[in-house]
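Following: one structure in structure tokens, then a few remarks.
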Amino acid sequence: MIRESVHDLTAAKTREIVDAGDYFIRRIDAGGTIRIIDLEGNQAADTLFFNAADPSERYSASDTVREQGALYLTTGSMLKTNLNRDLLEIVADTCGRHDTVGGACSSESNTVRYDLEKRFMHACRDSWMLAIVEHEEFGLAKEDIGHNINFFMNVPVTPSGGLEFADGVSAPGKYVELTAKMDTIVLISNCPQLNNPCNAYNPTPIEVAIWSAAAV
Amino acid sequence: MTIQEMFPQDYRTTLLPAAHWSLTVRRGMQMQLTDTQGGANVGMLFYNPLLLSEKYNAPDSLKCQHTFKLTRGHCLYSDMGRVFASITEDSFGWHDTICGNAHPQHVADRWGKKDYQTDRNAWLQNGHDAFLVELAKYRLKKQDLAANLNLFSEVSADHQGRLALSRQSIAGDSVTLRFEMDTLVLMHNCPHPMNSGEEYPRNPVKIHLGMAQPVLSDDYCANLCDENRRGFQNNALYHLGLGL
């Protein structure tokens, strides 16, 4: 469901451009809000969330889609943890649909999807691996890297059980906004994929803005 | 008589309702699971016993085979691009790998509290706790619990993406997994998290472990799509030098 934000971008506590192939890791305090902006359109922001107090509790795609009884994420979706607790809620969305079935690219899955010799190409999971070793202060390890959200990606499931990779429903400037229900760590890989027509083989920058709880 | 001759090279058991189990299954073995009464749900996860951080990855499995349902021909991939197991036979046709497990609260809300003191091993076990117990036996933690298989449960989505537990197995339905590398298998026979039946489901599942037929060059699973051919190439690289 399309819903515009009530937040003023110029009042954000932090704003940062994240180039394709880079990662973004930051704490969001409970009640704070994060906006992810698809600056040039049809980009994928591969995103993980964790409970900042205990990162063994994290975003769970399974719990989220089961509890809302629907596969796609949009305004009103409550993101659930692996303990089935509320983690963040999508409070604004000008894109309308986000995927959480398709997972993230990795150099290993690229060998399967495209070619064994593409194993050397940069991938989301490599960005996450770099993030967890460069930011030990968040206490994340490989086992914490699970099943993510692909903001701005459109991966329709057909009633007969097929999975399609449709053209992006996103466009330049589309955004999604989430309010944290607990102190949260956000870890984004701005997807570097060069083999997928969904981004016209041209991954582009995103912007991430964070407001503190009192900013509305 | 050798010790090998004393024991048959296959093994049969029954995964009782509310039970959980784990074992290492060697490459070249197959596991046939049969729902004896209909309406069972078997939660299942795979890990590499040599390096437990390598585990079943549902998104990678679905994405590379362009499917939401899992059935005959599909390969079940690890996060490292390798094939743990192939589905070589399947009378049911659609196994869920998205909806996860029932949590203690789900089972308590629907059927009552888990209470060993009263119910003994017929207690109202839930899939989440069942997996946590099996994981801990290998020093794995809840972080290591990935999106699992729910064998014998069909979960479909309509055009809007609304999910429904749309079909469950009938008596005699069976699925056969052929293991393409040594695999630590965790499983439970606890209700699907979207099961809203009146009674806590109690459906024994027969398990038959035995040698699989050799994988030939025209194998159905390995040739289902180019992606699976490449998955089997990754397995061949992993086994390079073993001479098998």
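The values are calculated or read from the model by the stated rules, or taken from the named source; none is laboratory data. If you're wondering where the values come from, they're calculated on a predicted model, not measured in any experiment. Glycine gets a Cβ as well: all are built from the backbone with ideal geometry, and neighbour counts include every protein chain shown.
Here segment B:100-109 is the region considered, the condition is being surrounded by 24 or more Cβ atoms within 10 Å (Cβ to Cβ) and not polar (S, T, N, Q), and the residue that is nearest to the other protein chains (Cβ to nearest Cβ) is B:Gly100. For segment A:64-90, taking the residues that are among the aliphatic types (A, V, I, L, M) and surrounded by fewer than 19 Cβ atoms within 10 Å (Cβ to Cβ), the one that is farthest from the other protein chains (Cβ to nearest Cβ) is identified as A:Met78. For residues that are in a loop (DSSP other than H, G, I, E, B) and of a type in the set (Val, Ile, Thr), scanning just segment A:134-189, find the one that is farthest from the other protein chains (Cβ to nearest Cβ). Only one residue tops the list, namely A:Val169.
Filtered by the rule that a residue be touching a helix residue (DSSP H, G or I) at 6+ places or on another chain (Cβ under 9 Å) and either more than 7 Å from every other protein chain (Cβ to nearest Cβ) or of a type in the set (S, T, N, Q) (or both), segment B:141-168 gives B:Gln143, B:Asn148, B:Leu149, B:Asn150, B:Val155. Using the structure shown, decide if B:Thr24 is β-branched (Val, Ile, Thr) and either touching a strand residue (DSSP E or B) at 6+ places or on another chain (Cβ under 9 Å) or under 21 Å from B:Ser86 (Cα atoms) (or both). For B:Thr24, the condition - β-branched (Val, Ile, Thr) and either touching a strand residue (DSSP E or B) at 6+ places or on another chain (Cβ under 9 Å) or under 21 Å from B:Ser86 (Cα atoms) (or both) - is met. Within segment A:156-168, the set of residues being surrounded by fewer than 16 Cβ atoms within 10 Å (Cβ to Cβ) and either of a type in the set (Val, Ile, Thr) or touching a residue at least 12 places away in the same chain (Cβ under 8 Å) (or both) comprises A:Thr158, A:Ala166, A:Asp167. Restricting segment B:131-140 to residues that are surrounded by fewer than 23 Cβ atoms within 10 Å (Cβ to Cβ) and of a type outside the set (D, E, K, R), the residue that is farthest from the other protein chains (Cβ to nearest Cβ) is B:Val133. When you scan segment A:47-59, do you find a residue that is of a type in the set (S, T, N, Q), surrounded by 24 or more Cβ atoms within 10 Å (Cβ to Cβ) and more than 27 Å from B:Tyr56 (Cα to Cα), even just one? Within segment A:47-59, none of the residues are of a type in the set (S, T, N, Q), surrounded by 24 or more Cβ atoms within 10 Å (Cβ to Cβ) and more than 27 Å from B:Tyr56 (Cα to Cα).
Pick from B:Pro214, B:Pro201: which is assigned to a loop (DSSP other than H, G, I, E, B), more than 14 Å from chain A (Cβ to nearest Cβ) and within 15 Å of B:Arg27 (Cα to Cα)? First the steps, then the outcome.
On the way: B:Pro201 fails: within 15 Å of B:Arg27 (Cα to Cα).
Just one listed residue meets the conditions, B:Pro214.
Total residues in segment A:199-216 satisfying the condition of being modelled with pLDDT under 95 and surrounded by 22 or more Cβ atoms within 10 Å (Cβ to Cβ): the figure is 1.
Of the residues making up segment A:104-138, just one is in contact with a strand residue (DSSP E or B) (Cβ under 8 Å, 6 or more places away or on another chain), surrounded by fewer than 17 Cβ atoms within 10 Å (Cβ to Cβ) and of a type outside the set (A, V, I, L, M, F, W, C), namely A:His135.
Take the conditions (1) within 10 Å of chain B (Cβ to nearest Cβ); (2) crowded, with 19+ Cβ neighbours inside 10 Å; (3) assigned to a loop (DSSP other than H, G, I, E, B); A:Cys95 misses just one of them, which is (1). Being in contact with a Phe, Trp or Tyr (Cβ under 9 Å, 6 or more places away or on another chain) and more than 14 Å from chain A (Cβ to nearest Cβ) is a condition met by no residue of segment B:227-243.
Evaluate the following for B:His66: is it more than 19 Å from B:Ala146 (Cα to Cα) and facing another protein chain (nearest Cβ under 10 Å)? Answer is yes for this residue. Considering only residues in segment B:1-28 that are in contact with an Asp or Glu (Cβ under 9 Å, 6 or more places away or on another chain) and at negative phi, the one that is surrounded by the fewest Cβ atoms within 10 Å (Cβ to Cβ) turns out to be B:Arg26. For B:Lys55, state whether it is among the basic types (Lys, Arg), modelled with pLDDT of 95 or more and under 16 Å from B:Asp226 (Cα atoms). Taking the combined requirement at face value, the residue does not satisfy it. Taking the numbered list (1) under 13 Å from the mean Cα position of the chain (by Cα); (2) at the interface with chain B (Cβ under 10 Å from one of its Cβ atoms) in turn, A:Arg113 passes all entries but (1).
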